[in-house]
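See below for the structure under consideration.
The values are calculated or read from the model by the stated rules, or taken from the named source; none is laboratory data. Because the structure is predicted, anything quoted here is derived from the model rather than measured. With ideal geometry, Cβ positions are generated from the backbone for all residues, glycine too; neighbour counts draw on all protein chains shown. When the accessible area is computed, the model is the full protein with side chains, heavy atoms only, and any ligands, DNA or RNA have been set aside. Shrake-Rupley method; radii C 1.70, N 1.55, O 1.52, S 1.80 Å.
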Amino acid sequence: MEKEYKKLFSFPEKNSSKRLMFKRKKKEKKINIDEDLKKCKPRKIQKEFSRPFVSSFSGHQDCILKVKSHPLHPSLIFSGASDGEIKFWLINEKKCLKSLKAHEKFIRGLDIDHNGNFIISCSDDCFLKLWEISEFGKYPRISFKGRGPIDSLSSHPRDLIFATGGQEMLIWDQIHFKPIQRLIWGVSSISGIKFNPIEHNIIISTGSDRSVVLYDLRLQLPVKKFVMEMRSNDVCWNQLISSEFTLANEDSNLYTFDLRNLSQVKKVHQGHVLPVLSLAQDLKNQDLVSGSLDSTIRTFPKSPAQKSEVFFSQRMYRVLSICFSTDERHILSGSEDGNLRLWKRIVEYPKELNLTKTKKKNEQNNINNKILDFKVNNYNYPYLPRMVKQILKLKEKISKNSNYNNNNIKRHIGPGSFSFRPRLKKSNCRRDFLKFLEFFNF
């Protein structure tokens, strides 16, 4: 009786085989990356593609003063530290292949010849050394001891010649490793040297007395000299226009000049808060990248439609050196904490993934990407460090007070009794674009 009673009032279990027989078997889905990405929200996709930091390389025991990429192999990088150590990195494998105690004091200059066979290094210990990349052993191929410390170094873009700067500027022959020319203007020490990449006979140098000097190797004499209000720490030539160069100054600005008219500044790039120490420029897009003591890296694009970007991390201290990779897709930075960091060159996400369901959202996105809605208020960005935001607000207050005082003086003084110097301003993309529309009556 009990068995018959159970048969009458029993129900099939949830996972019974009878119920599973009537269920349809689920087909195995093939993974399509395009379809899965379309289902994701566009904000999440933007976050993934907008992370500029790639990786960091640790190994130096002291701050990195110089970073240089190989001109022929994009994966090879050389770095020099303040303890006199040079390291040879391979980015693809994220390894340090070789390390060498090259000097006893700070490494002030590190450069590679145009063939990519030799490295030249200079230091505060008055030694100038030449190393072969293929061997890169304990001992240099040639070494030379100078009269004083050598602060800067630059190699010729086409010949086996290089220039050094300290108490005087010397032009060296790389084969015989002896000085050929001697160029002097003033008594100040030279902190930076660069050859012109198009007109190879022109050299520019920056001095400790706030001076900028231009030299011509054909005349064997300095040609022009002008003085800035504050000291300039680094120089960079425009690689497509031979007459333009930019200066990284201690007043936290970048200044671009033209050789034909050095009395006026062609353009001012603002954004940093503390002195700018290093500078580099792209060949294709002519974009500038700078590293500052405020522990940030900034990009300054040439076209006004593009937005300037800021790179930083919590553990990164003052940025002392910066350069582009040879393929110009990445940025390399050396900081005071002894880490070499790799950043993305362009922070963008694919246009195909920015999908919206309605037409209104598409129209709003197109309007926001126009030049008219471009804003330059740096302190409104939520991702900036707190210290940078506070200093930016202080600078704005000081500028407002100074303009208010100057306007009051102009009202109460007679014409011609006192002259005011015009202040250098950053070019506002929105204002310039609106003037362009008014002129052509659009």
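Determine, from the Cβ-Cβ distance of MET387 and GLN306 and an R0 of 30 Å, the FRET efficiency 1/(1 + (r/R0)^6), rounded to the nearest 0.05. Let's see the in-between values first.
On the way: r = 26 Å, r/R0 = 0.88.
So the FRET efficiency works out to roughly 0.70.
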Order MET228, MET387, MET169 by their accessible area, 1.4 angstrom probe, all chains in place, largest first. MET387, MET228, MET169
If one puts a single equal scatterer on every Cα of the range 66-161 and applies the Debye formula without solvent, what log₁₀ I(q)/I(0) results at q = 0.22, 0.24 Å⁻¹? -1.18, -1.38
Around ARG329 (Cβ within 10 Å, Cβ-to-Cβ, excluding ARG329; K/R +1, D/E -1) the net charge comes to 0
Divide, for the range 177-284, the radius of gyration over alpha carbons by 2.2 N^0.38 Å, where N is the residue count. 1.05
Semi-axes of the range 235-335 from the Cα gyration tensor (sqrt of 5 times each eigenvalue, largest first, whole Å) come to 22, 16, 12
So which of LYS98/LYS129; LYS302/LYS395; LYS101/LYS129; LYS68/LYS266 end up more than 22 Å apart, counting from Cα to Cα? LYS302/LYS395; LYS68/LYS266
Got a number for the accessible area of ARG51? Probe 1.4 Å, square angstrom, nearest 10. 150 Å²
Can you check what the net charge comes to around PRO275, using other residues whose Cβ is under 15 Å from the Cβ of PRO275 (Lys, Arg +1; Asp, Glu -1)? -1
Taking Lys and Arg as +1 and Asp and Glu as -1, residues besides ALA81 with C-beta under 9 Å from its C-beta add up to -1
Rounded to the nearest 10 Å², the 1.4 Å probe accessible area of SER295 is 20 Å²
Ranked output for segments 261-270, 275-284 by mean other Cβ atoms within 10 Å, highest leading, reads 275-284, 261-270
